[in-house]
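Every number here is computed from the coordinates shown, using simple stated rules; none is lab data. Just so it is clear, the structure is predicted and the values come from calculations on it, not from any experiment. Note that each Cβ is placed from the backbone with ideal geometry, even for glycine, and that neighbours are counted across all protein chains shown.
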Amino acid sequence: MKVGIDLGTTYSLIAHLDANGKPLLIPDNNAPEFFSTPSAVYINDRSAVVGSLVDTMLEQKPDLPVIRFFKRSFGTDKPLFIDRNSNPWYPETVGALVLKKLKFDAESYTGEQVESAVITVPAHFNDHQRKSVLNAAHLADIPVLGLVEEPVAAALHYGIVNNSIDNVLVVYDLGGGTFDATVLCLNETGVYVLAKDGITELGGKEFDEAISSMILDQYKKATGMDLELSAAVALQLRRVSEEIKIELSFPSKTFVKKTILLGSSAFEVLIYRRDFELAIRRMIEQTIEVTLHCIDSAGFRETDINALMFVGGSSMMPVIKERMSKIISSPKQKIFLHEPMKAVALGAALHAAQLSGEAGQYNIPPEFRGVTGYNIGIQTINLQTKSVEIDCLIKKNMPLPAQNKRTYFTTNVNQTRIVLQVVQYASLSEPMIEVGELTIGPIQNPSVNYPVEITVENTIDGIIKVNAFDPNTGVEIQQKFTHSSQTLGFNFLSQKQLIANTQISNFAL
Ligand SMILES: Nc1ncnc2c1ncn2[C@@H]1O[C@H](COP(=O)(O)OP(=O)(O)OP(=O)(O)O)[C@@H](O)[C@H]1O
Ligand SMILES: [Mg+2]
């Protein structure tokens, strides 16, 4: 069986196609009434607990060291956790545990083996972050058919379910930890991405924190004291904040009043929706700016958009529809929520059929085209001015796969090596993301102005590849590409061993 996996910041889901090609979510083996797994992991000695069982365990032991939001650390190289045996656990190794648990759920529910998967990523994930997801899958022994972007997967599902065609569609995807804006075109042959943009660290986590700080303020006003945040209190505060936030999304709710138990003291909170919206206003405005910029990058005005689709749990907050419907405001333009917490996984299962050539058999439109999320360039030093310059080889929002080449030359007769920095960047005014360092050489017969042709490719999965050729012979030159995020600690084999030695437990405590 091929599956689609939505590896989410807060919740992860797995879906497959039934015999008629209809995508279905697979239930959590530990809580069969739920079709998602909290992205939470507790690592013990040679065993780990993943998902809803972690929350059950926290009821009894609130100070357990639980790892959440590991998706936010993809693309970085610091361990998230050191276990009792001094083993470092990297973001991708923790992610691998969630993927293994989802695989287990799928296999025990269907009785079939998971052969391969499509895994979703935020649209604006860079090369490092995408490689982390591939590493996590590799560690979990899940062959990856491809990566697909979360808003694109959701749009694919929407397009197929509704038979929607010739639509210029904007997807506003605000989840638990990330925001993506994507402009796509849907037609009878498939899905074509035209532009994308996003914010890595913006989602439900920030909105929960906004409610938490309102609660803490009210506590201080009422008692004259700061609330002491023990592990148990912090856990209760996080849970109750999320509950209040979700309640405030009910159209009829303009405030939530509740007595909450924080530690040993019961305390009444009163949160007005308008105060909450004021507290998160700057963040919401940021998402709107990014969406408008994305529409502009696709070459459209707001009036050209046929439909605006909301996905991701946080897009259910009423303020978002209110704000966006002032911008996408013609009665001919549709604005709607589409399965906000399920569409990504369902779309990923559909994309798995597209990638494995099974689309025809299920009447799924076969075509799919993504775009580059960043400019990709080579950093050079201008010898006259000594300043750092960027040669842009691939521009943002170009159809994938994208490829380009440029020739560089040695500068002196004895030069046997050329070292180039490959970078990725949203715009020249934003920080450069170092992709890696390409060291070319030794060049066998060096001479002044010895030419080396560099090819840079952004694959369908959004991964960057570089290659150096001798343009005179067309033969590859000896080279080494050192990926920036792999230069420190992460050692694939030892992490693989760690995963192999860790039993995912089905029992709480
Ligand atoms: N009705 C609601 N109103 C506001 N927020 C909600 C609502 N329902 C769920 N959420 C929030 O949505 C988030 C989960 O959404 P979702 O499952 O789409 O995110 P995710 O996939 O975990 O994260 P990401 O896609 O950013 O990696 C949580 O923060 C949750 O509190
Ligand atoms: Mg998501």
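By per-residue mean of other Cβ atoms within 10 Å, what is the highest-first order of 6-12, 335-341?
Most protected by this proxy first, the peptides run 6-12, 335-341.
Say R0 is 56 Å: what FRET efficiency, to the nearest 0.05, do Thr416 and Phe250 get from their beta-carbon distance?
Efficiency, from the Cβ-Cβ distance: 0.25.
By what distance, in whole Å, do the Cα atoms of the stretch 375-486 stretch along each of the three principal axes, largest value first?
39, 33, 25
Translational diffusion coefficient, Stokes-Einstein: compute it for the chain using the Kirkwood radius over C-alpha pairs as Rh, at 37 °C and 0.692 mPa s, and state it as an integer in µm² s⁻¹.
In µm²/s, the coefficient is 134.
Please enumerate, by chain and number, the aspartates and glutamates with C-alpha under 17 Å from the C-alpha of Lys100, excluding those fewer than 8 residues away in the same chain.
By straight Cα distance, Lys100 reaches Asp6, Asp28, Glu92, Glu112, Glu115, Asp141.
On alpha carbon coordinates alone, what is the Rg over Rh value for the stretch 304-458, Rh being the Kirkwood radius?
1.15
Restricting to Cα pairs below 8 Å that are 6+ residues apart, what does the relative contact order work out to for the stretch 375-486? Please round to a whole percent.
26 percent
Using a 7 Å offset from the Cα along the Cα-to-Cβ direction at both Leu337 and Arg274, what is the distance between the two label points in nm, to one decimal?
It is 2.3 nm.
What is the chain's relative contact order, in percent, from Cα pairs under 8 angstrom and six or more apart in sequence?
This gives 17 percent for the chain.
With a 10 Å Cβ neighbour count serving as the proxy for reagent exposure, in which order, fewest first, do Cys392, Cys294 appear?
Going from least to most buried by this count: Cys392, Cys294.
Could you list Asp127, Asp105, Asp391, Asp45 so that the one with the fewest beta carbons within 10 Å of its beta carbon is first and the one with the most is last?
Lowest to highest Cβ neighbour count: Asp45, Asp391, Asp105, Asp127.
Can you find, among Thr259, Ala210, Leu235, the residue sitting farthest towards the positive end of the charge dipole of the stretch 204-279, where Lys and Arg contribute +1 and Asp and Glu -1 at Cβ?
Of the options given, the answer is Thr259.
If you filter the stretch 59-134 for trypsin sites (Lys or Arg not before Pro), then keep DSSP loop positions with at most 12 other Cβ within 10 Å, what is left?
Arg84
Putting +1 on Lys and Arg Cβ atoms and -1 on Asp and Glu Cβ atoms, find which of Thr182, Leu194, Asn126 reaches farthest to the positive end of the dipole of the stretch 112-203.
Asn126
Dividing the alpha-carbon Rg of the stretch 204-279 by 2.2 N^0.38 Å yields what?
In units of the 2.2 N^0.38 Å rule of thumb, it is 1.03.
Largest first and in whole Å, give the semi-axes of the stretch 237-306's equivalent ellipsoid, each being the square root of 5 times a Cα gyration tensor eigenvalue.
Whole-Å semi-axes of the equivalent ellipsoid: 37, 12, 9.
Rounded to the nearest 20 debye, what is the charge dipole size of the chain about its Cα centre when +1 sits on each Lys and Arg Cβ and -1 on each Asp and Glu Cβ?
500 debye
Taking a point 7 angstrom from the Cα of Leu493 along the C-beta vector, which residues in the stretch 81-95 have backbone N less than 19 Å away?
Residues 87-90, 93 qualify, since their backbone N sits under 19 Å from the label point.
If you take the beta carbon distance between Ala222 and Asn472 as r and set R0 to 51 Å, what does 1/(1 + (r/R0)^6) give as a FRET efficiency, to the nearest 0.05?
It comes out at approximately 0.05.
Taking a threshold of 24 Å on the Cα-Cα distance, which of the pairs Lys61/Lys257; Lys131/Lys386; Lys131/Lys196; Lys205/Lys257; Lys196/Lys342; Lys2/Lys78 fall above it?
Those over the limit are Lys61/Lys257; Lys131/Lys386; Lys2/Lys78.
Straight distance only, please: which aspartates and glutamates reach the Cα of Lys465 with their own Cα at less than 15 Å, same-chain residues fewer than 8 apart left out?
Correct list for Lys465: Asp127, Glu434, Glu437, Glu453, Glu457, Glu476.
If the cut-off is a Cα-Cα distance under 13 Å, which aspartates and glutamates reach Lys321, setting aside same-chain residues fewer than 8 apart in sequence?
Asp173, Glu277, Glu285
Among the trypsin sites (Lys or Arg not before Pro) within the stretch 249-295, which fall in a DSSP loop and have no more than 16 other Cβ atoms within 10 Å of their own Cβ?
Lys253
Before anything else, pin down the relative contact order of the stretch 284-334: Cα pairs under 8 Å, at least 6 apart, normalised by residue count, whole percent.
Relative contact order for the stretch 284-334 comes out at 44 percent.
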